[in-house]
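Report on the following structure.
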Amino acid sequence: AQVEYLSFDKIPWFKDARDVVESLGYRLVEFNCVKGSNGWQVRAVVLNPEGGTGIDDCSKVHRILQTRMEVLLDTQDLYMEVTSPGLDRNIKNCAEFEIFKDFGIRIWYVPLSDWVYGTIRSSDNEKITLLCSDGTEKVFPYGEIGKAKLDYSQEAVK
């Protein structure tokens, strides 16, 4: 099972949520909005690009984003959760690589059957370029990446 690329534009309400989150100085990493039998379930993962996404950051985003989503979904029946990505986040969507540019990462490279460590230099809808721990820059197509995780130990000095 590889990590897939899903354009953020294809995720319902992602753009609306991203506009709110970015207006507060944060980046939206992941967004899910699902209607269930108990009303709407909204989950957002946000990143403080200045480093260290804390409870205060999540609370600030939660307050503003919940109000916006209640208006967009025309409901007061909404459960919202806002969390940080965490230091060792499992990358669920290759589109996230763009958000974590210059962050340390490790990828499970299927042709090698091994982890490759490095710092994200760039990414698009097909591939990621890493500055690897050996000092070389290498390109990895998404179809050859089994798993990807943020790796705080690889973190480049920002």
Problem - Residues of region 50-66 satisfying the condition of being surrounded by 13 or more Cβ atoms within 10 Å (Cβ to Cβ) and not basic (Lys, Arg) - result: Thr53, Asp57, Cys58, Val61, His62, Ile64, Leu65, Gln66
Handout entry: Residues satisfying the stated conditions in region 119-145, i.e. hydrophobic (A, V, I, L, M, F, W, C), over 20 Å from Ser7 (Cα atoms) and open to solvent by less than 20 Å² (accessible area, probe 1.4 Å)
Key = Leu130, Cys132
Practice task
Could you list all residues from region 72-94 that are surrounded by 12 or more Cβ atoms within 10 Å (Cβ to Cβ), among the charged types (D, E, K, R) and either touching a Phe, Trp or Tyr at 6+ places or on another chain (Cβ under 7 Å) or within 20 Å of Lys10 (Cβ to Cβ) (or both)?
Solution key: Lys92
Practice task
Return a yes/no flag: does region 7-14 have any residue that is over 25 Å from Lys127 (Cα atoms), open to solvent by less than 40 Å² (accessible area, probe 1.4 Å), under 15 Å from the mean Cα position of the chain (by Cα) and at pLDDT 95 or above.
Solution key: no
Problem - In region 5-26, residue nearest to Asn93 (Cα to Cα) [restricted to those that are β-branched (Val, Ile, Thr) and not in a loop (DSSP other than H, G, I, E, B)] - result: Val21
Completion exercise
Only one of Gly36, Gly25, Gly51 is within 16 Å of the chain's Cα centre (by Cα), without any contact (Cβ under 8 Å) to a residue 40 or more places away in the chain and over 23 Å from Glu126 (Cα atoms), namely Gly25
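The values are calculated or read from the model by the stated rules, or taken from the named source; none is laboratory data. Keep in mind the model is a prediction, meaning the values are calculated, not measured. Cβ atoms come from the backbone with ideal geometry, glycine included; neighbour counts cover every protein chain shown. The area values use the complete protein model at the heavy-atom level, side chains included, leaving out ligands, DNA and RNA. Shrake-Rupley method; radii C 1.70, N 1.55, O 1.52, S 1.80 Å.
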